[in-house]
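This report refers to the structure that appears directly beneath it.
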Amino acid sequence: RSQESRERLSVCSKLCYAVGGAPYQITGCALGFFLQIYLLDVAQVDAFYASIILFVGRVWDAITDPMVGFFISKTPWTRFGRLMPWIMFSTPFAIISYFLIWFVPDISTGQVMWYLVFYCAFQTLVTCFHVPYSALTMFISREQSERDSATAYRMTVEVLGTVLGTAIQGQIVGKVDTPCIESPLFFSLTNSSVAMEELNMTHDTESLTDTRNAYMIAAGVIGGLYILCALILLLGVKERRESSELQSDEPVSFLQGLKLVMNHGPYIKLIAGFLFTSLAFMLLEGNFALFCTYTLGFRNEFQNILLAIMLSATLTIPFWQWFLTRFGKKKAVYVGISSAIPFLITVVVVDSNLFVTYVVAVAAGISVAAAFLLPWSMLPDVIDDFKLQHPSSHGHEAIFFSFYVFFTKFTAGVSLGISTLSLDFAGYQTRGCSQPDQVNFTLKMLVSAVPVGLILLSLLLFKLYPIDEEKRRKNKKALQDLREESNSSSESDNTELASIV
């Protein structure tokens, strides 16, 4: 009892641990919603090069996860721990890189390289923060119940972090009124190319300066929160070395474990289904600001619409937690993800209407909550099924989680790159008050038709997913029987050893 009481984490320790998850979500949400429109309309990067920046940055982010995990596993223990030094030393450089992403350099050439370098640098540094932070769960306590409780605190703070990132970035940037440039067709009618050139120069020197300053202010505020959260984590959480010494399983070959995991049918079907689901919602996330600004004409409202999506997602996560407990996870997937389809169709079919757009935003947030919660809820069931099929093989849990994250980030890069490249082919006009019909049609495809198609494809894949509620209960009972058998065998061995002694 005294040992268990020493292993229990205080509420303060759990909160300090949970706060450490906020920087990754805050910065990720700000970049996901606003980086594309920033590169196109504020930094005025050509759409083709913007697509390269977004694609390469996200793919590099995916690659760095297993790389950083490998280097962390080779890190020796220090008086601060093995994971904490990574968090400590990556934080200041990550903040500098993040701020420079939102800074427009006064250079005529090399601007594309500027954003590519600092975007990739930030993704690497935030990975150096988040990977050891995720692994820290195993080093804060030896009690599984305490780890689960700390994880629940963490998920709550991370969801709030997505709202905070959207609110800070959106409200600061949204306060600045950025005048747009009229279509070149207007100036051709007035036969005044000089007026067009003068207008461009005026906008570049006056209104665009305010917008650029607003993005840097938002970056400064988010950077300050990043530092605060990191300090709370470093000062409030102790990394326990003895927790790492409890692993009794022998080290396993990475390639052998990877082969076993990738041959596990339920994992492949689950990851395929959620890959298409993630791709659908990432297309919606990356292009929704442009869609609201140009296709719907809500230039001064898009930040509030984005905030409505994230607030709706946050408030409905408890509902989906209750729903999957009551009706099962497969039914929660069907109902939760498919509920976005009629509203995604409505937003492009109905004429531009602010009230309808807010209704669609709230409905989309409900589906976003389901897409956010369900993958992490269903993945443990796949791991349990794997353990039953391979009872003598241990230590593969990290492979399941790491490759799910890898494929998700990779598809994010592909979706952003393809969508921005599509806008370039459609004739996107930087900082235009309006866009050509081809661009508006492309935006409709990217936020409605393509996501709907991907969601329908994912639902078909989930139909093949074999672990329903009945199968999950059988697996749980079988695992419990195996543990009891293992414990009884261990107790008999100890009794026999004691009698020999």
Any chance residue 326 is free of Cβ contacts under 8 Å to residues at least 24 places away in the same chain and of a type in the set (Lys, Arg): yes
Residue among 348, 382 that alone is open to solvent by less than 50 Å² (accessible area, probe 1.4 Å), at pLDDT 80 or above and in contact with a Lys or Arg (Cβ under 7 Å, 6 or more places away or on another chain): 348
Tally of residues being surrounded by 21 or more Cβ atoms within 10 Å (Cβ to Cβ) and aromatic (Phe, Trp, Tyr) across segment 307-324: 1
Cβ pairs under 8 Å, 6+ apart, first in segment 255-278 and assigned by the TED database to the domain that holds residue 373 and over 27 Å from residue 337 (Cβ atoms), second of a type outside the set (Gly, Ala, Ser) and part of a helix (DSSP H, G or I): 257/399; 258/399; 258/403; 260/386
Matching residues, segment 299-333, being touching a Cys at 6+ places or on another chain (Cβ under 8 Å) and modelled with pLDDT of 85 or more: 305
Considering residues of segment 98-133 that are free of Cβ contacts under 8 Å to residues at least 24 places away in the same chain and of a type in the set (Val, Ile, Thr) only, the residue most open to solvent (accessible area, probe 1.4 Å): 109
Single condition residue 136 does not satisfy, out of (1) over 18 Å from the mean Cα position of the chain (by Cα); (2) modelled with pLDDT of 80 or more; (3) closer than 30 Å to residue 52 by Cβ: (3)
Residue 46 in contact with a Lys or Arg (Cβ under 9 Å, 6 or more places away or on another chain) and touching a residue at least 24 places away in the same chain (Cβ under 8 Å): no
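The values are calculated or read from the model by the stated rules, or taken from the named source; none is laboratory data. Since the structure is predicted, the reported quantities are computational estimates derived from the model, not experimental observations. For neighbour counting, all protein chains shown are included, and Cβ atoms are generated from backbone atoms with ideal geometry for every residue, glycine included. Calculation scope for accessible area: heavy atoms of the full protein, side chains included, ligands and nucleic acids excluded. Shrake-Rupley method; radii C 1.70, N 1.55, O 1.52, S 1.80 Å.
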